[in-house]
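Before any comments, here is the structure.
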Amino acid sequence: MSLEIRKRGRIFYAYGWIEHNGRRIAGPYRDSTRSTTKAGAQDWIAEEIQYFLCNHFLGEERTLRFIDAVDIYTPT
C-alpha cells in the first residue's frame, strides 16, 4: 500500500509506505501532515516521497533538507 491520506478531526494524516517498483523503501507512516486541506496534505506527501526516493538512490549524505541542516549546524 502506498501512502494514503485520511482525515482525523481537522488535520490530515498519511498512512502506509513509500514504495518504488513495488518495494517498500520507507515507512510505515502514521504521521500528521500538519495540514487542514487535502491539497496541503498531498504536497507534504509529494515532498516526503521525493526526499526518500533521492535518499534511496543517492544516499543519505547527499539528500539533506533545510531542517536537517539546521539540526547539524553548530553556531559559533
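Using a 1.4 angstrom probe on heavy atoms only, work out the carbon and sulfur share of the accessible area of the chain in %. Heavy-atom surface of the chain belonging to carbon and sulfur, 1.4 Å probe: 50 percent. With a cut-off of 15 Å on the backbone N, the residues of region 1-20 near the modelled label site 7 Å out from S32 along Cα-Cβ are 6-15.
Near D31, the amide H atoms lying under 5 Å from its own belong to A14; only residues 5 or more places off or on other chains count, and H is placed 1.01 Å from N.
Does a label point 7 Å from the Cα of W17, set along Cα-to-beta-carbon, have any residues of region 28-51 with amide nitrogen under 20 Å, and which are they? Inside the label zone: 28-32, 45-51.
Taking each pair of distinct Cα atoms in the chain once, what is the resulting Kirkwood hydrodynamic radius in Å?
Values: mean 1/r = 0.0738 Å⁻¹.
Answer for the chain: a Kirkwood hydrodynamic radius of 13.6 Å.
Residues whose amide H lies under 5 Å from that of L3, counting only those 5 or more places away or on a different chain, are W17, E19; hydrogens are built 1.01 Å from N in the peptide plane.
How high is the relative contact order of the chain, in percent, counting Cα pairs under 8 Å that sit 6 or more residues apart? Could you put the intermediate results ahead of the total?
Values: 94 pairs, mean separation 16.7, N = 76.
Contact order relative to length: 22 percent.
3J(HN,Hα) along region 71-76: 5, 7, 4, 10, x, 10 Hz, from the Karplus curve 6.51 cos²θ - 1.76 cosθ + 1.60 with θ = phi - 60°, whole Hz, x for Gly and Pro. What the chain shows is 76 Å² of accessible area per residue, with the surface traced by a 1.4 Å probe over protein heavy atoms.
Just the number, please: percent antiparallel of the DSSP beta bridges in the chain, rounded to the nearest 5. Present the calculation step by step, with values, prior to reporting the outcome.
Numbers: 13 of 14 bridges.
That works out to approximately 95 percent antiparallel.
Taking the Cα centre of the chain as reference, the dipole from Cβ charges on Lys and Arg (+1) and Asp and Glu (-1) amounts to some 480 debye. Listed values for region 15-25 are Karplus-derived 3J(HN,Hα) couplings in whole Hz (6.51 cos²θ - 1.76 cosθ + 1.60, θ = phi - 60°), namely 10, x, 10, 9, 10, 9, 6, x, 9, 6, 10, and x replaces Gly and Pro. Couplings 3J(HN,Hα) of region 40-47, computed from phi: x, 5, 5, 5, 4, 5, 4, 5 Hz, in residue order, whole Hz [Karplus 6.51 cos²θ - 1.76 cosθ + 1.60, θ = phi - 60°; x for Gly and Pro].
The values are calculated or read from the model by the stated rules, or taken from the named source; none is laboratory data. As the structure is a prediction and not an experimental result, all values here were calculated from the model. Because the Cβ atoms are built from the backbone with ideal geometry, glycine has one as well, and the counts that use them run over all protein chains shown. Side chains are part of the model used for accessible areas, which takes the heavy atoms of the whole protein and leaves out ligands, DNA and RNA. Shrake-Rupley method; radii C 1.70, N 1.55, O 1.52, S 1.80 Å.
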